[in-house]
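Below is one structure, written out as structure tokens, with a few remarks after it.
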């Protein structure tokens, strides 16, 4: 996968131009997988969920609510004290360990989920939402992004009581997505620098039931170093097998469970006019 596989919403965009990172089921060199924004680099190893990178691996992989009580029809996190949620009661603060894991770990799992799914049914390439439930397990439901334009509208039915993880912009760099060949020449510090630079200064917007999420710049998250697994028929033709090390950087939101009923989530981003993501989700929670 190209160096910058960016997501969600995202792995994927990186395949467009950069590389993505991989997690074991747990400039132009590579495509980034987890980036919602459209990056332009070649495919490296691999969610990002970096979507910018994935697209480029083909060149590279780029890397992916009406109001009820409080905001977005979401309930406030029980561990959030006043003033710690950046004005978003329905969003888990970046400092909180949700279900025992920090945000960074959840972003790595998002990438591992996304990149482990073949292109034929990969949620990041899905234009309708038909594949939104692919490989979903556990207490957090992953929402995919795209690998870049065009805008897509998806519909999905999800179980009640699930947190939702999404990213308006992210990037994945490492082995397997075109940034390096393995532990001997994959320097995590260098990969983190590349990932950070690829997602700096974006224009972001996320709306939940038409209510804008505030202070999105406060939800910048860096993943731990991890591995990813690419299946046969992986996105952007990434080489099957386990790859690493990879790292992801980006902007991520972990939403508390939505109330039962129908909700709308709108995610958009762009960076210097080079990469854009525009996804609208209609979610039925039941």
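Take residue 237 and decide whether it is out of contact with any helix residue (DSSP H, G or I) (no Cβ under 7 Å at 6 or more places or on another chain) and at pLDDT 95 or above. Yes: the conditions hold for residue 237. Do you know which residues across segment 90-100 are surrounded by 14 or more Cβ atoms within 10 Å (Cβ to Cβ) and over 15 Å from residue 250 (Cβ atoms)? The answer is 90, 91, 92, 93, 96, 98. Restricting attention to segment 83-108, the residues being farther than 19 Å from residue 241 by Cβ, part of a helix (DSSP H, G or I) and in contact with a strand residue (DSSP E or B) (Cβ under 8 Å, 6 or more places away or on another chain) number 4.
Are there any strands (runs of 3 or more DSSP E) wholly within segment 114-204 with 3 or more residues that are buried (at least 24 other Cβ atoms within 10 Å of the Cβ), and if so which?
Fully inside segment 114-204 and qualifying: 163-174.
Are any of the residues in segment 212-221 part of a strand (DSSP E or B) and in contact with a helix residue (DSSP H, G or I) (Cβ under 6 Å, 6 or more places away or on another chain)? Yes, segment 212-221 contains at least one residue that is part of a strand (DSSP E or B) and in contact with a helix residue (DSSP H, G or I) (Cβ under 6 Å, 6 or more places away or on another chain). Within segment 208-219, the presence of a residue that is more than 30 Å from residue 84 (Cα to Cα) and surrounded by 24 or more Cβ atoms within 10 Å (Cβ to Cβ) is excluded. For segment 235-278, residues that are assigned to a loop (DSSP other than H, G, I, E, B) and within 24 Å of residue 103 (Cβ to Cβ) total 3.
The values are calculated or read from the model by the stated rules, or taken from the named source; none is laboratory data. Model, not experiment: these values are computed from the prediction. Cβ coordinates were reconstructed from backbone atoms using ideal geometry, including for glycine residues, and neighbour counts include every protein chain displayed.
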